[in-house]
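The values are calculated or read from the model by the stated rules, or taken from the named source; none is laboratory data. Keep in mind that this is a model prediction, so the values were computed, not measured. With ideal geometry, Cβ positions are generated from the backbone for all residues, glycine too; neighbour counts draw on all protein chains shown.
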Amino acid sequence: MWSQPRLFYNSLIPEEQQFLINAIRFEVSHLRSAVVKSNVLIQLNRVSNDIAKRVAEVIGLPAPAPDPKYYNNNSTAFVSIFNYSLPTIATLNVGVLASVASSSSLSQAASLAQAFSSSGLNVIVVGETLASGINQTYSSADATGFDGIIVAAGAEGLFTNGTSSTFFPADRPLQILTDGYRWGKPVGAIGSAAGVLKLASATTTPGVFSSTSGDASFVTAFEGGLTVFKFIDRFPIDS
């Protein structure tokens, strides 16, 4: 009963184990009964003392002692999602954040769409309104819809902290970029938009791409980031 969950847990990398523990913490923190909480810890402890201790810390119960009669060190391959590069990036979505007020950002977005098309990527150009060359508005866009995010040169004016508009909720462009970075997605900025990466606290080198022109080398590098899929060094792990 407990060997299969343990096999699964053992097969995850530490960051994925943290995701699982965070999810369990979230669910168990809603429990009201101390008896039920204790019973949950008993069952978790039969899978892994590591899980039980880290969940107990959040729900205010003492950490149980290890129960080694249930434990094994077995693991298996290809259970981890983030421990392998993607075999193909075809059909992934790249969000290009542009501005209808900047013709250069729109032309750059169009060039990126053309360059990425050879790899089968879907480029979604985001702007304030559904003008020519825009596929989605900022008001309807969210980082969850993109596997990677690029800010086109000329759109940087939309990312200043406190930017407000009747076309989108306050700071929505910056929120999309920040969330994408925090969720481990490759992000990039071109030319005059490079400064927005700092506004999004996107300072980690792996998976953060900048270029003066969005040339072929930038496209190739960004596609490499999409192959990695998630840059897990951005996720905090229990000490």
### Among the residues listed as 34, 63, 56, the single one being modelled with pLDDT under 95, surrounded by 13 or more Cβ atoms within 10 Å (Cβ to Cβ), farther than 30 Å from residue 147 by Cα and not assigned by TED's automatic domain parsing to the domain that holds residue 219
63
### Query
Do we have any residue at all in the stretch 9-29 that's surrounded by 18 or more Cβ atoms within 10 Å (Cβ to Cβ), aromatic (Phe, Trp, Tyr) and either under 24 Å from residue 233 (Cβ atoms) or not assigned by TED's automatic domain parsing to the domain that holds residue 119 (or both)?
yes
## Note on the structure
From the option list 180, 188, single residue qualifying as closer than 17 Å to residue 124 by Cα, outside any helix (DSSP H, G or I), touching a helix residue (DSSP H, G or I) at 6+ places or on another chain (Cβ under 8 Å) and not aliphatic (A, V, I, L, M) is 188
### Query
So which of 201, 139, 213 is part of a loop (DSSP other than H, G, I, E, B), among the hydroxyl-bearing types (Ser, Thr, Tyr), in the same structural domain as residue 108 (by TED's automatic domain parsing) and in contact with a strand residue (DSSP E or B) (Cβ under 9 Å, 6 or more places away or on another chain)?
213
## Note on the structure
Restricting attention to the stretch 56-112, the residues that are over 17 Å from the mean Cα position of the chain (by Cα), over 18 Å from residue 158 (Cβ atoms) and part of a loop (DSSP other than H, G, I, E, B) number exactly 21
### Task
Kindly list, by first and then second residue, each pair from a residue in the stretch 115-128 that is within 25 Å of residue 87 (Cα to Cα) and assigned by TED's automatic domain parsing to the domain that holds residue 99 to a residue that is of a type in the set (Gly, Ala, Ser) and in a strand (DSSP E or B), limited to pairs with Cβ atoms under 7 Å and residues at least 6 apart or on different chains.
124/95
### Message
Take the residues in the stretch 134-162 that are polar (S, T, N, Q) and within 15 Å of residue 195 (Cα to Cα); name whichever of them is surrounded by the most Cβ atoms within 10 Å (Cβ to Cβ).
### Response
160
